[in-house]
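**Student:** The structure under discussion is supplied below as structure tokens; questions concerning it will follow.
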């Protein structure tokens, strides 16, 4: 039976060897055999499974959903239906926003005098608040708002820059293929955990809460985009899981 080394599979699929090893680590795709020198090889059955994985990834499904879907046709159908509904909702929201912006632009071109509320009407300012309240509760939103309101202008700027620095460092580590278990990456996770705690009413998240946050980074396309894509977000999630095992009871 023919099999192919990991380098050939990576070259043919456009994936990196690191990504294929990550798939193995999370139990999504195992090689058909591992040689004495540690080289991975993949047979026809594994390539077939990888083909399905890549097909589902093209639908922007998270790996956790793909892992279930590969073993359960109903779960796949449900996942695709949910994904379709989300895409249709985004399409409708985008179309509505396009209409509002076009109307505002036409009004400006015609020389109409608009109020500041009308100018900024196409921005959904309440969407972020709603999401925070739904995910983390009313207290989380109210504390976050109160915390920012109590800051001076310089403090708010420093707070924003800290958030950018912490998350940019994680993204750079993932893009540089830094080992998630390395001291370098784990130190970055420590900084991230401390930053998260500041936004959680100075209450340090327990292992379940922090683990849930890491899964959100990898499964929500908006969070994953902030880290340069889902592959990077999944590396960061792996690093957080390692940190949790070592630091949280």
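The values are calculated or read from the model by the stated rules, or taken from the named source; none is laboratory data. This one's a predicted model, so the numbers in the text were calculated from it and none came from an experiment. Ideal geometry is used to build each Cβ from the backbone, glycine not excepted, and the neighbour counts take in all protein chains shown.
Here's the yes/no breakdown for (1) out of contact with any helix residue (DSSP H, G or I) (no Cβ under 8 Å at 6 or more places or on another chain); (2) at pLDDT 90 or above; (3) part of a helix (DSSP H, G or I); (4) not assigned by TED's automatic domain parsing to the domain that holds residue 224:
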| residue | (1), (2), (3), (4) |
| --- | --- |
| 128 | yes, no, yes, yes |
| 148 | no, no, yes, no |
| 163 | no, no, yes, no |
| 167 | no, no, yes, no |
| 181 | no, yes, no, no |
| 184 | no, yes, yes, no |
| 190 | no, yes, yes, no |
| 193 | no, yes, yes, no |
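**Student:** Then there's this: Where residues in segment 24-44 are part of a loop (DSSP other than H, G, I, E, B) and surrounded by 12 or more Cβ atoms within 10 Å (Cβ to Cβ), which of them is nearest to the chain's Cα centre (by Cα)?
**Tutor:** Here the residue is 26.
**Student:** Related question: Please enumerate the residues belonging to segment 2-14 that are in contact (Cβ under 8 Å) with a residue 12 or more places away in the chain and either outside any helix (DSSP H, G or I) or buried (at least 17 other Cβ atoms within 10 Å of the Cβ) (or both).
**Tutor:** Once the filter is applied, which keeps residues that are in contact (Cβ under 8 Å) with a residue 12 or more places away in the chain and either outside any helix (DSSP H, G or I) or buried (at least 17 other Cβ atoms within 10 Å of the Cβ) (or both), segment 2-14 yields 2, 3, 4, 5, 6, 9.
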